[in-house]
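Chemist: For reference, the structure I am asking about is given below.
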Amino acid sequence: MRDTLTAVITETVESLIADGRLRLASVPDVHVERPRDPSHGDWSTNVALVSAKSAGMVPRDIAAMLAAELRQRLAGVAEAIEIAGPGFINVRLARDVVADVVTRIRDEGDSFGAGERTGKLVQVEFVSANPVGPLHVGHGRWAALGDSIARILEHAGDDVQREFYVNDAGVQMDIFAASVSARYLELCGVEAEFPEDGYRGTYIIDIAREIFDAEGTCWIEATAENREAHFKEQAYTAVLEHLKRVLSGMGVGFDVWFSERTLHAAGADGVTAIERGIARLREAGYLYEQDGALWFRSTDFGDDKDRVLKKADGSYTYFAADIAYHADKYDRGFDLVIDIWGADHHGYVKRMEAAVAALGHPGKLEVIIGQLVNLFRNGEVVRMSKRTGEMVTFEDLLDEVGVDAARYFFLRRSTDQPVDFDIALAKERSSENPVYYVQYAHARICSILRKASGADTADESVDVAAVAEGIAAGPAELALLGSEPGTLAGEAELGLLRKLAEFPEVVAIAARQRAPHKLATYAEDLAATFHGFYTHCQVVVDDPALRNARLALADASRIVLARALGLLGVTAPERM
RNA sequence: GCGCCCUUAGCUCAGCCGGAUAGAGCGUCUGACUACGAAUCAGAAGGUCGCAGGUUCGAAUCCUGCAGGGCGCGCCA
């Protein structure tokens, strides 16, 4: 509708210029928006204000001229076109046009609000936690974030691939192995020194015990090197399984688990991916040697300082591997790569962007920085100690509050805002908890549909979708919605229709801004609008036409609520 | 010191491709269950949008400077 109006208004302005009634050098960009205040109608444009100065006219005069013309051109679509304030032109749509959204939603179902397929292939890489320990709550947020962004982009029309980068190479893996080894020896009753910078979490002991139970004391005699090499793989596998289990348990699946080790392994030509990546940068002329190390001149691309790729001792930095990794991504044909990193890595963004640009893909990397999560319980900060390894893991949190509440709380806030997560509140099944507020609206609609089928509202055998399918509401019935404007019932119906019509725009904006929280805000808004409709309008009334019209409206609300929640990865229960 | 993010109601936050009287939840105060789920709804009170300039017909929104808070600045990963 917005596009239609924009086009019609633009044509109107053009014709006014053509017959000389409006003196403008060029046609202004027509901006059509939804007024905040519903009394201003469904749509509003500010063209008169924008063109006033260059046309040398008073805004309201231009508006009057345009409005007169638009009343002709929009006959049948618009019920009223008015001038308001300093020169806005407000368009109130005809009621049948407004009510038509119900038919569209019920026809399109889950694909309502979907964008045209763009053919664009986007990769979203997220979580990518080091496989040396359990996920913490921050990882949980980034998992929810990446997954939701992927869902939203898919709905908006892109093709999306989800990827997890496994940092299974590097010194943290050695420290990890040494930590397990020390715990293992302790279990064997052997005096062992715990590594200075080792991982002190109790999960290390659990892993060591698993090995001890399965393989006994046979590794006591082995050299530290052999023992740790063996333990590294055992422990790595255990942690990787944990990661996969927890993530899939919250409904987050990855298309690719990309192992960093593959970048260090020589291919058929005996060359590693890291070396190939470095060679590409060298050919492009961005490398130099200094102090025995190999440097990347990232300052050419706005980084604060140049970065080392190959250390003086001959080993590669993490960054070198990451460059090879990103080179590989673009080799795989992605049009856009989105990396989601924790706030603690934001200092790394510029060099990565520099590397991607140097590889010949400027602008094709987008790094989203997810802020952290602060845990509370009844308003008290939950303390966690890195030193002792005492912490609430993400798995603990999921066990306690459930997937829906966890995902919803993580996504409710904008990405660049830290989340204060109150465990007690997330568990609370009350009005204070927004996730239940939205889900309740959905369950309530399902209950109405069960009622409408003639069954008891609690009858679990009723197939809600089938009942919805059977509701016949054509233009004649839908015309009853909002037919009594000015009454509480009429306004409630119209308000709900308008709110439903906003959904496609919300999806588009959320996709463009990579902002799942817009869906959460919208879902709460829609739920509130529905609750208002519910209080003012009896749905299951005797008059069959009005009943079907309201049932169809409720059904459309159900579909959109479920879709909004679905894009957040939150379920829409039929009863609670 | 440099870089990024944040600063809106008592609290937690939306609103930010510039628009009309700045919104929601919680908390406080009033009301509404003999109708489809009260996990709900209706209403009241509550704000110099951190400060100062600038751009504009118009700024919470864009630009600059300043102040306060968070995070990051390794030949670690």
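The values are calculated or read from the model by the stated rules, or taken from the named source; none is laboratory data. Since the model is a prediction, treat every value here as computed from it, not as a measurement. So basically every Cβ, Gly included, is an ideal-geometry build from the backbone, and we count neighbours across all protein chains shown. The area values use the complete protein model at the heavy-atom level, side chains included, leaving out ligands, DNA and RNA. Shrake-Rupley method; radii C 1.70, N 1.55, O 1.52, S 1.80 Å.
Chemist: Accessible surface of A:Ser26 in the full protein assembly, 1.4 angstrom probe, to the nearest 10 Å²?
Modeler: A:Ser26 has an accessible surface of roughly 80 Å² with all protein chains in place.
Chemist: For A:Leu70, tell me the accessible area in Å² from a 1.4 Å probe, rounded to the nearest 10.
Modeler: We get 0 Å² for A:Leu70.
Chemist: What distance in nm separates the simple spin-label points at A:His536 and A:Glu215, each placed 7 Å from Cα in the Cβ direction?
Modeler: It is 7.0 nm.
Chemist: How many angstrom separate the Cα center of the range A:332-410 from the Cα center of the range A:39-79?
Modeler: Rounded to whole Å, the Cα centres lie 47 Å apart.
Chemist: How many percent of the accessible area of the range A:2-93 is carbon or sulfur, using a 1.4 Å probe?
Modeler: Looking at the range A:2-93 in its full context, I get 51 percent from C and S.
Chemist: Just the accessible area per residue of the range A:434-568, please: how many Å² with a 1.4 Å probe?
Modeler: For the range A:434-568, the per-residue accessible area is 38 Å².
Chemist: Moving on to the next point. Take A:Glu11, A:Glu215, A:Glu289, A:Glu163 and sort them by solvent-accessible surface of the protein heavy atoms, 1.4 Å probe, largest at the top.
Modeler: Order by accessible area, largest first: A:Glu289, A:Glu11, A:Glu215, A:Glu163.
Chemist: Counting only the backbone N, which residues of the range A:30-66 are under 17 Å from the spot 7 Å out from the Cα of A:Ala18 toward its beta-carbon?
Modeler: The answer is A:66, whose backbone nitrogens lie closer than 17 Å to the label point.
Chemist: Looking at the range A:403-473, which trypsin sites (Lys or Arg not before Pro) are in a loop (DSSP not H, G, I, E or B) and have at most 13 other Cβ atoms within 10 Å?
Modeler: A:Arg429
Chemist: Another one. Multiplying the sequence separation of A:Tyr318 and A:Thr118 by 0.36 nm and subtracting their Cα-Cα distance, what value in nm do you get?
Modeler: Once the chain is fully extended between A:Tyr318 and A:Thr118, it gains 68.6 nm.
Chemist: If you don't mind, there's one more thing I want to ask. Go ahead and collect, in residue order, the members of the range A:187-209 whose backbone nitrogen is under 16 Å from a label point 7 Å along the Cα-Cβ direction of A:Glu241.
Modeler: Once the point is set 7 Å along Cα→Cβ of A:Glu241, A:203-209 turn out to lie under 16 Å by backbone N, inside the range A:187-209.
Chemist: Express the accessible area of the range A:257-401 per residue in Å², computed with a 1.4 Å probe while the remaining protein chains stay in the model.
Modeler: Dividing the accessible area of the range A:257-401 by its residue count gives 50 Å².
Chemist: Between Rg and the Kirkwood Rh of chain A, both from Cα atoms, what is the Rg to Rh ratio?
Modeler: Checking Rg against Rh, the ratio lands at 1.07.
Chemist: Does anyone have the angle between helix A:95-108 and the longest principal axis of chain A? Alpha-carbon axes, 0 to 90°, nearest 10?
Modeler: 40 degrees
Chemist: How about A:Lys518: which lysines have a C-alpha closer than 18 Å to its C-alpha, ignoring those fewer than 8 places off in the same chain?
Modeler: In chain and number order, the partners are A:Lys499.
Chemist: Let me ask something additional. Per 0.36 nm of contour for each residue apart, how much would the distance between A:Asp174 and A:Thr103 grow if the chain were fully extended, relative to their Cα-Cα spacing?
Modeler: Computed gain between A:Asp174 and A:Thr103 is 19.5 nm.
Chemist: Take the solvent-accessible surface of the protein heavy atoms, probe 1.4 Å, and return the percent of it on the range A:339-400 that carbon and sulfur atoms account for.
Modeler: For the range A:339-400, the apolar C and S fraction of the accessible surface comes to 48 percent.
Chemist: So, one more: Between A:Glu283 and A:Ala80, what length comes free when the chain is fully extended (0.36 nm per residue of separation minus the Cα-Cα distance, one decimal in nm)?
Modeler: 66.6 nm
Chemist: Within the range A:434-568, what whole-number % of the accessible surface is contributed by carbon and sulfur, with the 1.4 Å probe and all protein chains included in the calculation?
Modeler: The C+S portion of the solvent-accessible surface of the range A:434-568 is 52 percent.
Chemist: Placing unit charges on C-beta atoms (Lys and Arg positive, Asp and Glu negative, everything else neutral), compute the dipole magnitude of chain A about its Cα centre in debye, rounded to 20.
Modeler: So the dipole magnitude of chain A works out to roughly 1500 debye.
Chemist: Roughly speaking, what is the centre-to-centre gap between the range A:529-570 and the range A:247-287 when only Cα atoms are used, to the nearest Å?
Modeler: When both Cα centres are located, 50 Å separates them.
Chemist: Moving to a separate point now. Calculated from DSSP H runs of 4 or more alone, at -39500 (n - 2.57) each and per residue, what is the 222 nm mean residue ellipticity of chain A, nearest 500?
Modeler: Counting only the DSSP helices, I get -16500 deg cm²/dmol.
Chemist: Still on this structure, please answer the following. Taking 27 Å as the cut-off for C-alpha to C-alpha distance, list the pairs among A:Lys120/A:Lys350; A:Lys311/A:Lys350; A:Lys310/A:Lys364; A:Lys244/A:Lys350 that go past it.
Modeler: A:Lys244/A:Lys350
Chemist: In what sequence, largest accessible area first, do A:Ser453, A:Ser128 appear using a 1.4 Å probe?
Modeler: The residues order as A:Ser453, A:Ser128, largest area first.
Chemist: Send over a whole-number figure in Å² for the accessible area per residue of the range A:2-93, probe 1.4 Å.
Modeler: Spelled out: the 1.4 Å probe surface of the range A:2-93, per residue, equals 52 Å².
Chemist: If you don't mind, there's one more thing I want to ask. Beyond 20 Å, what share of the Cα-Cα pairs of the range A:434-568 is found? Please give it as a whole percent.
Modeler: So the pairs more than 20 Å apart make up 46 percent of the total in the range A:434-568.
Chemist: What do you reckon, how do A:Tyr440, A:Tyr184, A:Tyr199 stack up by accessible area (1.4 Å probe), largest on top?
Modeler: Highest to lowest solvent-accessible surface, that is A:Tyr440, A:Tyr199, A:Tyr184.
Chemist: Can you give me the angle between helix A:488-512 and the longest principal axis of chain A, using Cα atoms only, in degrees from 0 to 90, rounded to the nearest 10?
Modeler: 40 degrees
Chemist: What does the accessible area of A:Asp110 come to, in Å² to the nearest 10, when a probe of 1.4 Å is used?
Modeler: For A:Asp110, solvent-accessible area is about 100 Å².
Chemist: Which of A:Gly342, A:Gly201, A:His155 sits closest to the plus end of the dipole of chain A, meaning its Cα is farthest towards the positive end, when Lys and Arg get +1 and Asp and Glu get -1 on the C-beta?
Modeler: Ranked along the dipole, the leading option is A:His155.
Chemist: What do you get for the angle between helix A:434-452 and the principal long axis of chain A? Use alpha-carbon atoms, 0 to 90 degrees, nearest ten.
Modeler: Roughly 50 degrees between the two axes.
Chemist: Leaving out same-chain residues fewer than 8 places away, which aspartates and glutamates sit with a Cα under 14 Å from that of A:Lys53?
Modeler: Within reach: A:Asp61.
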